[in-house]
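Colleague: If you scroll down you'll find the structure; I have some questions about it.
Derivation of every value follows stated rules applied to the coordinates shown; laboratory data play no part. As the structure is a computational prediction, the values presented were derived from the model and not from experiment. Glycine also receives a Cβ, built like all others from the backbone with ideal geometry; neighbour counts cover every protein chain displayed.
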Amino acid sequence: MTIVLITGGNRGIGLEICRQMEELGFFVIMGSRDLNKGKLAARTFSKHVVVRQLDVTDTVSILKLRQFTEMEFGKLDILINNAGIWTSHSNFGKLDISNIRKFMDTNFPGIAQKIRNSMPGLRKAGIISQVKGAEDISLSSVKHLMETNFYGAWRMIQAFIPLLKKSEEGRIINMSSGMGELKSLSGVYPAYSLSKSSLNALSIMFSNELKETRIKVNAMCPGWVRTEMGGPNAPRTVSEGADTAVWLATATEIPSGKFFRDRKEIDW
Ligand code: NAP
C-alpha cells in the first residue's frame with residue numbers, strides 16, 4: 001500500500017488532498033495540529049486514513065509521528081508539506097489579527113464585510129497605515145511565519161527522509177505559492193513571499209542532495225483558492241487547488257527539482 005502523509009490536513013487544500021488521495025486508494029496519514037479537528041474533518045473518510053497530531057513547529061510532535069509511521073508502515077512514500085500560515089502577528093505586538101478576522105467573519109459577517117470594503121478608502125485617506133512592506137515589517141512576524149512555512153517543511157523533510165528512502169519511489173511535494181516566485185518579489189506581503197521563495201530554494205536544494213536516491217522533490221503553487229487563507233473571493237475551489245499536488249503524487253513519471261502550477265512547470 002502506498003502511504004502518503006499530508007501536513008495541515010484538517011482543512012482547506014490539505015483536507016481536499018487527503019480526500020482525493022484516499023479516494024484514489026492511497027493510505028492517508030492526516031497530520032492535524034489539533035487532533036480533534038482532524039478527527040472531525042476525517043469523519044466521512046473510509047478506513048484508509050489515520051489522523052495524527054502534528055505541529056510542524058514542534059520537533060517532539062514530528063518525531064512522535066515519525067515513530068508511529070515507522071512502527072506502523074516501516075516506510076513513507078509521499079510527503080506533502082502543505083501546512084502554512086498567511087499572517088499571524090499584526091504590527092502591534094502579539095495581537096493576532098487572523099483570529100480577530102475569523103471571529104468577526106463568524107459572528108458579525110455583515111460588519112466584517114463592511115470593514116473589508118472600506119479598507120482601501122481608509123488606507124488611501126491615511127486613516128489606517130498601509131500594509132507594511134519589507135522596509136518596516138516587524139522581523140518577529142517574519143520569523144514567526146518562517147517557523148511554519150519554511151522551517152516546518154525543512155524539519156519534516158529531515159525527519160522523514162529515512163522513511164522515504166525505504167519507499168520504492170519517495171516523493172516530497174512542497175506547497176508553495178506564486179507569491180514566492182523570484183520575479184514577483186516586491187515587498188508586498190514580504191514575510192509570506194519570502195517564506196515561499198525560501199521553500200522553493202529548499203526544494204531545489206533537496207532535489208539535488210537526494211539526486212542519487214529514488215526520492216523526487218518538487219514545489220507547486222495551487223493558485224488562489226477559496227479557503228480560510230484564500231478568503232471567500234478567491235476564484236478556485238479546493239478541488240482545483242489540490243489538483244497539481246495530487247498529480248505530482250500519483251503521476252507515473254515526474255521530474256525532480258521543479259516548480260509547478262496547473263500541472264505545468266513554471267519559473268522559480
Ligand atoms: P488554510 O485553509 O488556512 O489551512 C492551513 C492548514 O495548515 C490548516 O490545516 C492549519 O491547521 C495548518 N497549519 C498551520 N500551522 C500549522 C502548524 N504549525 N503545524 C501543522 N499544521 C499547521 O490554508 P490553505 O489555503 O488550505 O493553504 C494550504 C497551503 O497552500 C499553505 O501552505 C498555503 O500557503 C498554500 N497556498 C494557499 C493559497 C490559497 O489561495 N489558499 C495560495 C497559494 C498557496 P489549523 O487548523 O490547526 O490552523
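Colleague: Spelling out what I want: for every residue of the stretch 229-235, take phi, set θ = phi - 60°, compute 6.51 cos²θ - 1.76 cosθ + 1.60 (Karplus), and round to whole Hz; glycine and proline get x.
Modeller: 6, x, x, x, 8, 5, x
Colleague: Evaluate the charge dipole of the stretch 1-95 about its Cα centre and quote only its size in Debye, nearest 20, assuming +1 on the Cβ of each Lys and Arg and -1 on the Cβ of each Asp and Glu.
Modeller: So the dipole magnitude of the stretch 1-95 works out to roughly 280 debye.
Colleague: Another question, if that's okay. Go through 239-247, 9-17, 163-171 and give me the packing order, highest mean Cβ count within 10 Å leading.
Modeller: Most protected by this proxy first, the peptides run 9-17, 239-247, 163-171.
Colleague: Testing the spin-label approximation: label points 7 Å from Cα along Cα→Cβ at GLN67 and MET104. State their distance in nm.
Modeller: Going by the 7 Å Cα→Cβ label model, 4.4 nm.
Colleague: Now a separate question. Taking θ = phi - 60°, what integer Hz values does the Karplus form 6.51 cos²θ - 1.76 cosθ + 1.60 yield along the stretch 4-11, in sequence order, with x for Gly and Pro?
Modeller: Each residue's phi maps through the Karplus curve to give 10, 10, 10, 8, x, x, 7, 7 Hz.
Colleague: Follow-up question, since we're still on this one. Just to check I understand the Karplus step: with θ = phi - 60° and J = 6.51 cos²θ - 1.76 cosθ + 1.60, what whole-Hz values come out for the stretch 167-182, glycine and proline as x?
Modeller: Using θ = phi - 60°, the values come out as 7, 5, 8, x, 9, 10, 10, 9, 7, 9, 7, x, 5, x, 4, 4 Hz.
Colleague: While we're looking at this one, here's another question. Taking N as the number of residues in the chain, what value does Rg over Cα atoms divided by 2.2 N^0.38 Å take?
Modeller: Ratio of Cα Rg to 2.2 N^0.38 Å: 1.02.
Colleague: A further question on this structure: Tell me which of GLY152, MET30, GLY133 sits at the most positive position along the dipole axis of the chain, charges placed on C-beta atoms (Lys, Arg +1; Asp, Glu -1).
Modeller: Towards the positive end, the residue furthest out is GLY133.
Colleague: Helix 12-23 versus the longest principal axis of the chain: what is the Cα-based angle in degrees, 0 to 90, to the nearest 10?
Modeller: 20 degrees
Colleague: Between ILE266 and ASN233, what is the label-point separation in nm under the 7 Å Cα-to-beta-carbon projection?
Modeller: 2.0 nm
Colleague: Quick check on the chain: helices-only [θ] at 222 nm, where DSSP H runs of length 4 and up contribute -39,500 (n - 2.57) each and the sum goes over total residues. Nearest 500, please.
Modeller: -14000 deg cm²/dmol
Colleague: Order 101-114, 27-40 from most to least packed using the mean count of other Cβ atoms within 10 Å.
Modeller: In descending order of packing, they fall as 27-40, 101-114.
Colleague: Between the stretch 153-194 and the stretch 245-262, what is the C-alpha centre distance in whole Å?
Modeller: For the stretch 153-194 versus the stretch 245-262, the Cα centre distance is 13 Å.
Colleague: On to the next question. Can you tell me which of 133-143, 72-82 comes out highest on packing, and rank the rest after it, using the mean Cβ neighbours within 10 Å?
Modeller: Most protected by this proxy first, the peptides run 72-82, 133-143.
Colleague: Still on this structure, I have one more. Relative to the longest principal axis of the C-alpha atoms of the chain, give the angle of the C-alpha long axis of helix 59-73, reported between 0 and 90° and rounded to the nearest 10°.
Modeller: Tilt of helix 59-73: around 30 degrees.
Colleague: Over 31 Å between Cα atoms: which of LYS64/LYS143; LYS143/LYS258; LYS37/LYS196; LYS39/LYS114; LYS75/LYS102; LYS47/LYS216 fall into that group?
Modeller: From LYS64/LYS143; LYS143/LYS258; LYS37/LYS196; LYS39/LYS114; LYS75/LYS102; LYS47/LYS216, over 31 Å: LYS39/LYS114; LYS75/LYS102.
Colleague: Taking the 0 to 90 degree range and rounding to the nearest ten, how far is the long axis of helix 109-124 tilted relative to the main principal axis of the chain, both from C-alpha atoms?
Modeller: Approximately 70 degrees, to the nearest ten.
Colleague: Shifting gears a bit: Looking at the chain, what % of its DSSP beta bridges pair antiparallel, to the nearest 5?
Modeller: 10 percent
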